[in-house]
Amino acid sequence: MNKIMIVVGARPNFMKAAPLVAAIRRHNRNSLANPVSLCLVHTGQHYDEMMSGAFFDDLDLPAPDLHLAVGSGSHAVQTAEIMRRFEAVLLAQEPDIVVVVGDVNSTLACALVASKIPCDGGRSRPLIAHVEAGLRSFDRDMPEEVNRVLTDHLADLLFVTEESGMQNLLREGIPDSKIHFVGNTMIDSVLASLVKAEQSRILDQLGLRRIPYSLLTLHRPANVDQREMFLNILEGLQDLSNTCPILFPAHPRTGRRIQEFGLEPFFMVPAGTKDTCAAPGIHLLEPLGYLDFLCLMKHAALVITDSGGIQEETTSLGVPCVTVRKNTERPVTVSRGTNVIAGTEEGTIRKAIAKQLLTNQPATLPEKWDGRAGERIIAKLLAMPGRAEEEDLVAPLSNATST
Ligand code: UD1
């Protein structure tokens, strides 16, 4: 195994990939005679400084070796453009393994290209490794669910974060030999960054030191792309916002919808400004960097979110979380962790918030969420023989049992 290519594209990819890069660096330091070459590819699905660049600094990620600069577009346009540009990269670089992480469009697009890359001179295609395999919301209306299912069925090595992931993959007919329960690289990043996050000045900047506050994120199209739904969620937050400050660093899509739908009166300050946020109400902020956000999350009384990763991060931090969705693909955050699935109705959101504010149950950390998942994954990859052998190649998708 000489060359590992890691693909990132969107904000939630960076913290999942950073521990893999760190583990490769460690290997190369400790094994000077047998170094592995790393090629980090950024598709450019996210491109704003606060959606991408800031995370490279905060997570100590090297600048990408290759940047595909695809930018935004419809799902079809974005996925197709990533595929088109990534094919040229794969042909030129010839890695032994392509590692994709998470469930964004970049994840599927690059796995699909790698699975069908033409190879000459008797070489086989690269192995495909999927980090965060097996998660299922069983909701095919979510673009991420489609990305997850298809990527898993293309991958040769499936690295799973929680028990449910293994069960889902086995039920879909994926051979046990391809599945590796390694833990959660997103939690590796949380644990590795806590000391630096505590040095963040964000609590002082926002006037929140020793003030109880909640933290809110919303960006799912199903929640923010229709005025009625967005409004309904904001109304579900009203009791809480009457009594405590809610910090809302909004995704660019969400910021735009607020303006488009005329929802500014729900917020304390105009979008895009940072101010003193100690007063009750919903305080709209620009997206935050990783360390500032981690600091705010760690000290929050409550987190309300529709993100996948934040459900896991709050579980690892022992912070109560209310998930504004009808389902979760991360059930361990509910069964063992700090998470409650609230649904998206005004009344159910209100009820879940009230319940979580009273909760005092210590969470158990899920199995293998110990900060060493990246290390386990890289050890496994380094033990692989090289580019895919015939028997490693995956069965066609049509042979797989569907969910
Ligand atoms: C993507 C992921 C989602 C993940 C989220 C985290 C898919 C299908 N979805 O959703 O799983 O939770 O990232 O943020 O891959 N935009 C900017 N600047 C940027 C990036 C995006 O302004 O740097 C705006 C653009 O208007 C763009 C919109 O956000 O059209 C949506 O971006 P896109 O990458 O298509 O999906 P996300 O909603 O960010």
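Before moving on, here are some points about what is shown:
- Within the stretch 207-233, the set of residues being out of contact with any Gly (no Cβ under 9 Å at 6 or more places or on another chain) and basic (K, R) comprises R209, R210, R220.
The rows are residues; the columns are (1) assigned by TED's automatic domain parsing to the domain that holds D306; (2) in a helix (DSSP H, G or I); (3) within 16 Å of the ligand (Cβ to nearest atom).
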{"residue": "F230", "(1), (2), (3)": "yes, yes, yes"}
{"residue": "E235", "(1), (2), (3)": "yes, yes, no"}
{"residue": "D239", "(1), (2), (3)": "yes, yes, no"}
{"residue": "L247", "(1), (2), (3)": "yes, no, no"}
{"residue": "R253", "(1), (2), (3)": "yes, yes, yes"}
{"residue": "R256", "(1), (2), (3)": "yes, yes, yes"}
{"residue": "P265", "(1), (2), (3)": "yes, yes, no"}
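- Meets criteria (among the hydrophobic types (A, V, I, L, M, F, W, C), crowded, with 21+ Cβ neighbours inside 10 Å and more than 29 Å from N327 (Cβ to Cβ)) for L291: yes
- Checking each residue in the stretch 92-142 for being under 21 Å from P385 (Cβ atoms), surrounded by fewer than 16 Cβ atoms within 10 Å (Cβ to Cβ) and among the small types (G, A, S) picks out G121, G122, S124.
- Index of the failed condition, R26 passing every other in (1) more than 16 Å from the ligand (Cβ to nearest atom); (2) touching a residue at least 60 places away in the same chain (Cβ under 8 Å); (3) surrounded by 15 or more Cβ atoms within 10 Å (Cβ to Cβ): (3)
- Only one entry of G308, G289 meets the criterion of being touching a Leu at 6+ places or on another chain (Cβ under 8 Å), in the same structural domain as T243 (by TED's automatic domain parsing), within 21 Å of V101 (Cβ to Cβ) and not hydrophobic (A, V, I, L, M, F, W, C), and that entry is G308.
- Scanning the stretch 39-47 for any residue that is within 15 Å of the ligand (Cβ to nearest atom), surrounded by 19 or more Cβ atoms within 10 Å (Cβ to Cβ), closer than 17 Å to R11 by Cβ and of a type in the set (S, T, Y) turns up at least one such residue.
- Candidates in the stretch 294-312 are the residues that are under 15 Å from L216 (Cβ atoms) and more than 13 Å from the ligand (Cβ to nearest atom); of these, the one that is surrounded by the fewest Cβ atoms within 10 Å (Cβ to Cβ) is A301.
- Selection status of V89, touching a helix residue (DSSP H, G or I) at 6+ places or on another chain (Cβ under 8 Å) and either buried (at least 16 other Cβ atoms within 10 Å of the Cβ) or part of a helix (DSSP H, G or I) (or both): no
- Of the candidates S106, S52, S115, S72, the single residue that is within 14 Å of the ligand (Cβ to nearest atom), polar (S, T, N, Q) and more than 15 Å from F14 (Cβ to Cβ) is S72.
- Listed by first and then second residue, the pairs with beta-carbon distance under 6 Å, at least 6 apart or on different chains, first residue in the stretch 75-88 and without any contact (Cβ under 8 Å) to a residue 60 or more places away in the chain, second within 11 Å of the ligand (Cβ to nearest atom), are Q78/N105; T79/N105; T79/A109; E81/V70; M83/A109.
- Residue check for P143: more than 12 Å from the ligand (Cβ to nearest atom) and more than 16 Å from L158 (Cβ to Cβ): no
- Residue within the stretch 147-165 that is buried (at least 24 other Cβ atoms within 10 Å of the Cβ), among the polar types (S, T, N, Q) and closer than 23 Å to G308 by Cα present: yes
- The listed residues are V195, V190, and the only one of them that is exposed (fewer than 15 other Cβ atoms within 10 Å of the Cβ) and part of a helix (DSSP H, G or I) turns out to be V195.
- Residues of the stretch 317-358 that are in a loop (DSSP other than H, G, I, E, B) and either over 17 Å from the mean Cα position of the chain (by Cα) or not assigned by TED's automatic domain parsing to the domain that holds D239 (or both): G318, V319, P320, K326, R336, G337, T338, A342, G343, T344, E345.
- Residue match in the stretch 359-368 (condition: assigned to a helix (DSSP H, G or I), buried (at least 16 other Cβ atoms within 10 Å of the Cβ) and either modelled with pLDDT of 95 or more or aliphatic (A, V, I, L, M) (or both)): no
- Checking each residue in the stretch 219-252 for being within 16 Å of K326 (Cβ to Cβ), surrounded by 23 or more Cβ atoms within 10 Å (Cβ to Cβ) and touching a Leu at 6+ places or on another chain (Cβ under 9 Å) picks out only V224.
The values are calculated or read from the model by the stated rules, or taken from the named source; none is laboratory data. On a predicted model such as this, the values are computed, not experimentally measured, just so you know. Positions of Cβ are generated from backbone atoms using ideal geometry, with glycine treated the same way; all protein chains shown enter the neighbour counts.
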